[in-house]
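Peer 1: Let me begin by handing over the structure; questions about it come next.
Rule-based calculations on the coordinates, nothing more; no lab input. What you see is a predicted model; the values in this text were computed from it and never measured. Backbone-built Cβ (ideal geometry, glycine too); neighbour counts: all protein chains shown.
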Amino acid sequence: GAGVSQSPSNKVTEKGKDVELRCDPISGHTALYWYRQSLGQGLEFLIYFQGNSAPDKSGLPSDRFSAERTGGSVSTLTIQRTQQEDSAVYLCASSWRPSTGELFFGEGSRLTVL
Amino acid sequence: AQSVTQLDSHVSVSEGTPVLLRCNYSSSYSPSLFWYVQHPNKGLQLLLKYTSAATLVKGINGFEAEFKKSETSFHLTKPSAHMSDAAEYFCVVSALNRDDKIIFGKGTRLHILP
């Protein structure tokens, strides 16, 4: 596709349920980032994938959060046993490697945990 | 390690007056610095970037930023604000080709008064 695609665009779930958020990066981009944007909190780094290297998971807030990237392309962010504080917009971005530093963002997945 | 601080969470200026959005950074390595803009209900877009070339960087929509190593600053300016500039602005730092982790500031919301 022409840009970074994220799905679902909106997700409402009940506390305790698991959710999966999907990101389809720009074709040819080897770097993929997940960020979380909460109201008034800016962008919080979650995880970074680069090619076949081990991902940088240093931003994941708890072990309920995990992400994988299959075949160096599509990525799935999974949140288990969701809590109300997980409500946020989850943004995916991709870029080339060596990285120019320019990230191309998807529209985000808005998660609401009731 | 890198970090970035945006000194103002909100800035209000009148249309036609200058804009100044402040950003300070810290980095263990020579940093690359960026400004991103996010208009309401829109995705993030790169405004401009500094990657060790000219210290005065020009971006889209008449914005520019100056890298000042002695002050560890990368403030964003525009001579004359327009109503369409109302958005949230993020200062970003990265030590590219080191760990490639791209760190966002908490954002500054720019309000334009008629």
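Peer 1: Report the residues of the range B:18-49 in range of a label on residue B:68: point 7 Å along Cα→C-beta, backbone N strictly under 19 Å from it.
Peer 2: B:18-27, B:31-35, B:49
Peer 1: Then there's this: To the nearest 20 debye, what charge dipole does chain B have about its Cα centre, counting +1 at the Cβ of each Lys and Arg and -1 at the Cβ of each Asp and Glu?
Peer 2: I would put it at about 160 debye.
Peer 1: What share of Cα pairs, in percent, lie more than 25 angstrom apart in chain A?
Peer 2: 16
Peer 1: Additional query: For the protein assembly as shown, what is Rg from Cα atoms divided by 2.2 N^0.38 Å, rounded to two decimals?
Peer 2: 1.02
Peer 1: Using a cut-off of 25 Å between alpha-carbon atoms, which lysines can reach residue A:57, once sequence neighbours fewer than 8 places away in the same chain are excluded?
Peer 2: Counting by Cα, and skipping residues close in sequence, residue A:57 has these lysines nearby: A:11, A:15, A:17, B:101, B:106.
Peer 1: What's the extension gain from residue A:112 to residue A:62 if we count 0.36 nm per residue and subtract their Cα-Cα distance?
Peer 2: Contour length minus Cα-Cα distance gives 16.2 nm.
Peer 1: In nanometres, what is the gap between the two model label sites at residue A:5 and residue A:83, each 7 Å from Cα along Cα-to-Cβ?
Peer 2: Taking the simple label geometry, residue A:5 and residue A:83 are separated by 3.4 nm.
Peer 1: Starting from a Cα-only point model with no solvent, please compute log10 I(q)/I(0) by Debye for the range B:1-90 at q = 0.13, 0.22 1/Å.
Peer 2: Each listed q corresponds, in turn, to -0.42, -1.16.
Peer 1: Based on the Cβ-Cβ distance of residue A:14 and residue A:41, what FRET efficiency does E = 1/(1 + (r/R0)^6) give at R0 = 22 Å, to the nearest 0.05?
Peer 2: So, using R0 = 22 Å, E works out to roughly 0.40.
Peer 1: If you place +1 on the Cβ of every Lys and Arg, -1 on the Cβ of every Asp and Glu, and leave all else neutral, what size is the dipole of chain A about its Cα centre, to the nearest 20 Debye?
Peer 2: Rounded to the nearest 20 debye, it is 100 debye.
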